[in-house]
Amino acid sequence: MTDQPILVPILGDQLTRTLASLRGRTKDDTVILMMEVWDEATYVKHHKQKIVLLFSAMRHFADELREAGWTVDYVKLTDEENSGSFTGEVARAIERHDPREVHITEASEWRVQQAIEEWPGKFACTVEIMPDDRFLCSHAEFQEWADGRKHLTMEHFYREMRRKTGLLMTDDGKPKGGDWNYDKDNREPPKGEMDAPPAPNFEPDDITREVIELVEEKFADHFGNLDSFEWPVTSDEAARAADAFFAERIEKFGPYQDAMVHGSDDLFHSMLSTSINCGLLDPLELCERAEQAYEDGKAPLNSVEGFIRQIIGWREYIRGFYWLHMPDLETANELEATRPLPEFFWTGATDMRCLSDCIRSTHNNAHAHHIQRLMVVGNFCLLAGIDPREVQDWYLAVYADAYQWVELPNVSSMILYADGGKLATKPYAASGNYINKMSDYCKECSYSVSKKTGEGACPFNPLYWHFMDRHRDRLESNHRIGRIFATWDRMGDEKKRDYLESAEKVLDSLEPASKGWARNEN
Ligand code: FAD
Ligand code: DLZ
Ligand code: SF4
């Protein structure tokens with residue numbers, strides 16, 4: 001090792017050998033720094049499985065780098081001198097290694113990036129911050145795309161990304177199959193027994209078992225259980241998870257993307273977000289594999305296009321949107337929602353079968369699929385007017401794939417309409433009908449989905465009209481939702497009163513969370 005090497009801190013969601021700050025570095029001139037720090041594990045009280053996933057994946061990645069000949073300085077959570085923060089640990093590493101420069105790939109989250117941007121003023125050596133080119137669309141490109149647009153329509157952005165990557169494009173620049181979007185074929189409700197093949201499980205090895213013990217000891221009061229831990233924690237395991245998706249699930253991924261089945265948490269979804277987000281899988285490679293599956297006749301175009309759209313469309317758009325609107329997005333609350341998050345979000349103790357099932361899956365697996373997050377849990381938060389900050393904390397804490405850059409726009413803009421319509425053209429509000437159509441939850445629920453008001457009525461039904469009524473001033477002029485008020489107005493006063501009173505009863509029955517589940521109380 002040369003004197004005064006380059007110090008390369010790698011964050012927990014940067015576990016990629018081709019990371020910008022590692023590319024072009026030589027092994028005899030570089031010290032890689034990886035840090036398990038208290039601040040990151042507790043800025044919200046993450047689900048236990050998320051902490052295990054990150055610490056285990058970081059430890060495995062450090063071992064892989066060492067085996068490949070790199071020098072890795074790995075600070076464990078329990079190291080005596082551990083300062084608890086990224087900045088504190090980089091400061092200590094600078095003392096240990098006396099680097100001539102620090103090279104870091106920009107953080108995915110605003111909070112961490114703010115801290116990194118202070119490093120040049122804090123440290124005596126040069127600090128170079130590099131763009132994270134694992135994303136296809138740079139901040140500048142997104143800004144340029146957004147400039148001058150009245151509305152940032154995801155579909156328009158997605159088409160740009162299709163053109164840019166050439167994914168599912170013909171040689172003469174047309175979308176393969178003739179259409180850009182096959183969503184109309186991707187809304188099948190569940191049919192009878194869904195024979196979804198289980199996603200592969202990855203047995204914890206010694207490293208993961210040690211981390212599980214650590215997390216059980218240090219984070220005992222965090223949400224979630226560790227009775228089983230099955231997430232991929234290395235790039236090899238993640239590649240096997242991707243193989244299984246392309247071999248067994250992608251064919252039906254499209255049609256059943258929106259379906260929900262009691263007890264079957266992932267159906268035909270890929271379950272790859274945890275691996276993509278921390279760097280174990282390359283999103284573009286996954287899209288190329290999906291296209292290949294279509295070319296080889298192994299998956300229909302609607303499934304493949306749907307999968308590619310989630311990644312180069314939604315995922316990239318959400319990231320661009322986050323950076324465009326931070327930090328204001330964190331505090332946006334257009335609908336002035338102030339109700340505390342109910343206790344049952346943390347315990348699952350509710351008779352609403354759709355919600356209890358999604359919360360059970362979230363508790364046991366640190367995962368729920370998109371429509372569960374959007375149309376069950378999210379829809380409830382929207383209709384009940386839960387405070388956006390409390391909803392954000394919940395989503396950030398409970399999902400193993402959650403980082404603020406992806407959680408916040410999905411929560412604040414997509415489900416809560418807290419940004420006043422910058423992302424969604426209307427609130428995704430729905431009554432029990434939608435959940436009944438797309439799931440088998442209602443069949444055995446203690447509430448009746450066909451009952452609109454009164455004792456035993458599905459709570460989503462009156463809450464829906466309560467939401468519309470209380471936000472009429474804001475929503476009536478919205479051309480996508482405004483017509484609903486004609487239906488409301490056609491109801492007699494008595495019926496309207498029944499709806500509003502039933503909704504008030506539901507809202508009054510919501511017990512606020514009894515302790516600081518998401519944030520430490522101090
Ligand atoms: P699949 O259904 O197989 O989709 C494939 C991939 O597409 C995903 O792995 C993911 O990388 C990407 N993707 C799909 N939808 C979105 C989206 N809306 N935004 C960004 N990427 C998307 N995803 C996260 O990765 N982290 C989060 O913290 C997160 N929070 C969410 C909160 C809410 C309220 C909602 C509605 C969605 C959220 N999502 C989040 C998006 C989506 O629910 C998850 O990416 C998905 O459920 C992960 O499971 P999967 O890998 O099986 O996804
Ligand atoms: C989520 C997480 C957790 C729980 N712990 C750590 C950690 O100890 N060290 C680390 O480098 N990263 C961790 N992460 C992921 C980071 O929060 C994530 O990399 C940054 O927030 C990205 O800006
Ligand atoms: Fe959910 Fe209502 Fe259906 Fe029960 S009846 S599962 S509360 S939508």
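Things to note:
- Selection within segment 459-492 - free of Cβ contacts under 8 Å to residues at least 24 places away in the same chain and among the aromatic types (F, W, Y): F485, W488
Each row is one residue, and each column tells you yes or no for (1) open to solvent by less than 10 Å² (accessible area, probe 1.4 Å); (2) charged (D, E, K, R); (3) within 29 Å of S275 (Cα to Cα).
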| site | (1), (2), (3) |
| --- | --- |
| Y399 | yes, no, yes |
| E407 | no, yes, yes |
| N410 | no, no, yes |
| Y417 | no, no, yes |
| A429 | no, no, no |
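- You will find that of Y441, Y428, Y447, the residue that is outside the structural domain of E188 (by TED's automatic domain parsing) and closer than 30 Å to H151 by Cα is Y428 and no other.
- Test: N410 is more than 27 Å from R309 (Cα to Cα), among the polar types (S, T, N, Q) and more than 16 Å from ligand 3 (Cβ to nearest atom): no
- Residue check for D171: within 25 Å of F246 (Cβ to Cβ), of a type in the set (D, E) and either open to solvent by less than 40 Å² (accessible area, probe 1.4 Å) or in contact (Cβ under 8 Å) with a residue 12 or more places away in the chain (or both): no
- Residues located in segment 13-44, provided they are open to solvent by less than 10 Å² (accessible area, probe 1.4 Å) and either at pLDDT below 95 or within 11 Å of ligand 2 (Cβ to nearest atom) (or both): Q14, L15, L33, M34, M35, E36, V37, A41, V44
- Restricting attention to segment 53-73, the residues that are part of a helix (DSSP H, G or I) and over 22 Å from the mean Cα position of the chain (by Cα) add up to 9.
- With respect to (1) more than 23 Å from F55 (Cα to Cα); (2) not in a loop (DSSP other than H, G, I, E, B), the lone exception for L335 is condition (2).
- Number of the condition not met by I104 [criteria: (1) open to solvent by less than 50 Å² (accessible area, probe 1.4 Å); (2) hydrophobic (A, V, I, L, M, F, W, C); (3) more than 33 Å from the chain's Cα centre (by Cα)]: (3)
- Taken together, the criteria place M161 among residues that are open to solvent by less than 50 Å² (accessible area, probe 1.4 Å), touching a residue at least 12 places away in the same chain (Cβ under 8 Å) and among the aliphatic types (A, V, I, L, M).
- Residue match in segment 77-84 (condition: without any contact (Cβ under 8 Å) to a residue 60 or more places away in the chain, more than 11 Å from ligand 2 (Cβ to nearest atom) and of a type in the set (V, I, T)): no
The values are calculated or read from the model by the stated rules, or taken from the named source; none is laboratory data. Since the structure is predicted, the reported quantities are computational estimates derived from the model, not experimental observations. No Cβ is skipped: glycine too gets one built from the backbone with ideal geometry, and neighbour counts run over all protein chains shown. Note: areas computed on protein heavy atoms with side chains; ligands, DNA, RNA excluded. Shrake-Rupley method; radii C 1.70, N 1.55, O 1.52, S 1.80 Å.
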